[in-house]
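Here's the structure, in structure tokens; my notes come after.
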Amino acid sequence: MAAVADSLTTGLSVGIIANMKAALIYRHRVDFDDGAILEAVVWRLEKPVAGCAHPFKYRLFYGFPGQRVIGYDNERPKGDHRHGENIEEAYDFESPEKLLADFFQDVDERRMKR
């Protein structure tokens, strides 16, 4: 998961999120041999979603089918937050690079506990 910042790009993909144009800047998926799934998607929006001060929308998931173990997202109106086992807490968003680094670190730490 190293070199996260190097893998960010200003891709040309465009989609719609809540009637808003969005440019896909990062997408990564890993299907682990033990059945775990890691999926990280980050978009750049024209304007922030409700509850956020930055122009990014993201969905970061690590877990098993039907079971989230670690997650980061910024659904409206909650804003930036993370999910851990039995917790949900606010997340202090600084940049897409920091977000992905924090997520991958959480996943690495969780996988080492197995």
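The values are calculated or read from the model by the stated rules, or taken from the named source; none is laboratory data. Note that the structure is predicted; figures quoted are calculated from it, not measured. FYI the Cβ positions are ideal-geometry reconstructions off the backbone, even for glycines, and counts take in every protein chain you see. Just the protein is used for accessible areas: all its heavy atoms, side chains included, with ligands, DNA and RNA removed. Shrake-Rupley method; radii C 1.70, N 1.55, O 1.52, S 1.80 Å.
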#### Entry: Added length on full extension, which subtracts the Cα-Cα distance from 0.36 nm per residue, I87 to D108
5.7 nm
### Query
Given charges of +1 on the Cβ of Lys and Arg and -1 on the Cβ of Asp and Glu, with all other atoms neutral, how large is the dipole of region 20-114 about its Cα centre, in debye to the nearest 20?
380 debye
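Can you tell me the length gained on complete extension of the stretch R59 to K21, counting 0.36 nm per residue apart and subtracting the Cα distance?
12.0 nm
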### Hydrodynamic radius by Kirkwood, which averages 1/r over all alpha carbon pairs of region 33-73, in angstrom
11.5 Å
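Got a sec? What order do D92, D108 fall in by accessible area at 1.4 Å, biggest, i.e. largest, first?
D92, D108
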### Task
Using Cα positions and a limit of under 19 Å, work out the lysines in reach of K78, with same-chain residues fewer than 8 apart set aside.
K47, K57
### Task
Putting +1 on Lys and Arg Cβ atoms and -1 on Asp and Glu Cβ atoms, find which of L38, H81, H54 reaches farthest to the positive end of the dipole of region 37-114.
L38
